[in-house]
Amino acid sequence: MLTLESSCRCAKTSKRFEYCNGHHWLSMCPCSYHLQEKQAGTRVNPGRSCNDIFIKRDGRVKSGPYWIAPISSAYPFLVFCDMETAGGGWTLVAKVKGNDPLMNRLNAAQWRDGRLIGHTHNLNDENALGLAYNVVSFRDVMIRSLTSSQKHLAWRHPVTFRNIPSIVKSCTRVANGVKISGSINQLDYKGNPVHHKGCTELVYGFMGGDSTHAITPVAGCPKGYKHGYVGAVIGAFLDPPSGDRSKAGQNVNCIADFGVGGGYHDMNVANEQYAIMAHRWGNSNSLTYSWNSHAVFVR
């Protein structure tokens, strides 16, 4: 039987595309090549976010680097996607080293201005802030260990934000996040989990703080911003900022303020300057300053 010229097929034996020149079948590339190139998350078919890729591929996808182009006119770029933790579809926007001051609350270059550093297409241990931080919209936020996806804290906001810098630049507290997975004491740190248990009244969001302390600037916001003890750019905290809750016997000996892009109190000594920080009401930061590196994801 004659075969029409220009016909193509995927040969069952070789699993390669074959092209008919009118007389013979000529072997080309592996069948999987073109199929892979057409899948969402490749350079020729980038997703708008990791969640977009997750949805378009029906959740049948593993964590790793994928191509995204959140702005349709922009060039695609590689970013690490967590496709398995807490429902999958998470886009990596930043990495923050533990016991390191670079990305603390005094840093406006990264948290407010979105200046890129490091690499966000992998989970290597480094301080990093990627392009996705500036351009990916989101409702959900996750802080997770670089080494274990089981060590995470995730929450959801009732509205979609354009990007994180738009929140930071407003110098406005966002305290409407609701926890959806994980907890503070399940994160990655050196210390006793008992000392890292969060207070029951915590809320989740941005630019928070557990008291009315206003000692240092926060990510470029003017001095006078009420950042509490930790004042993290992204995290969990008591809201509204309290006075001394210990007088009422509430929220004592638990984490009242935690996050990345933080610090402690006046940040006068080294362990108060670390970018990942927590305040355990009743113990200052003496039991809760030694955190391993974590990543920030959005969805």
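Residues are listed down the side, and each one gets a yes or a no for (1) of a type in the set (A, V, I, L, M); (2) under 14 Å from the mean Cα position of the chain (by Cα); (3) more than 30 Å from Pro222 (Cα to Cα):
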site	(1), (2), (3)
Val159	yes, no, no
Ile164	yes, yes, no
Arg173	no, no, no
Asn176	no, no, no
Gln186	no, no, yes
Tyr189	no, no, yes
Pro193	no, no, yes
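Take region 106-131 and flag every residue that is within 30 Å of Gly191 (Cα to Cα), assigned to a loop (DSSP other than H, G, I, E, B) and either of a type in the set (Ser, Thr, Tyr) or touching a Pro at 6+ places or on another chain (Cβ under 8 Å) (or both).
The answer is Leu106, Thr120, His121, Asn122.
Quick one: count up the residues across region 256-273 that are open to solvent by less than 40 Å² (accessible area, probe 1.4 Å) and either modelled with pLDDT of 95 or more or among the charged types (D, E, K, R) (or both).
10
Of the residues that sit in region 221-238 and are open to solvent by 40 Å² or more (accessible area, probe 1.4 Å) and over 18 Å from Gly198 (Cβ atoms), which one is modelled with the highest pLDDT?
Among residues in region 221-238 that are open to solvent by 40 Å² or more (accessible area, probe 1.4 Å) and over 18 Å from Gly198 (Cβ atoms), the one modelled with the highest pLDDT is Lys226.
Can you find a residue that is at pLDDT 95 or above, surrounded by 12 or more Cβ atoms within 10 Å (Cβ to Cβ) and among the hydroxyl-bearing types (Ser, Thr, Tyr) anywhere in region 57-70?
Looking for residues that are at pLDDT 95 or above, surrounded by 12 or more Cβ atoms within 10 Å (Cβ to Cβ) and among the hydroxyl-bearing types (Ser, Thr, Tyr), one finds at least one in region 57-70, hence yes.
The values are calculated or read from the model by the stated rules, or taken from the named source; none is laboratory data. Just so you know, these numbers come straight off a predicted model, no measurement behind them. Please note: Cβ atoms are built from the backbone with ideal geometry, for glycine as well, and neighbour counts cover all protein chains shown. Just the protein is used for accessible areas: all its heavy atoms, side chains included, with ligands, DNA and RNA removed. Shrake-Rupley method; radii C 1.70, N 1.55, O 1.52, S 1.80 Å.
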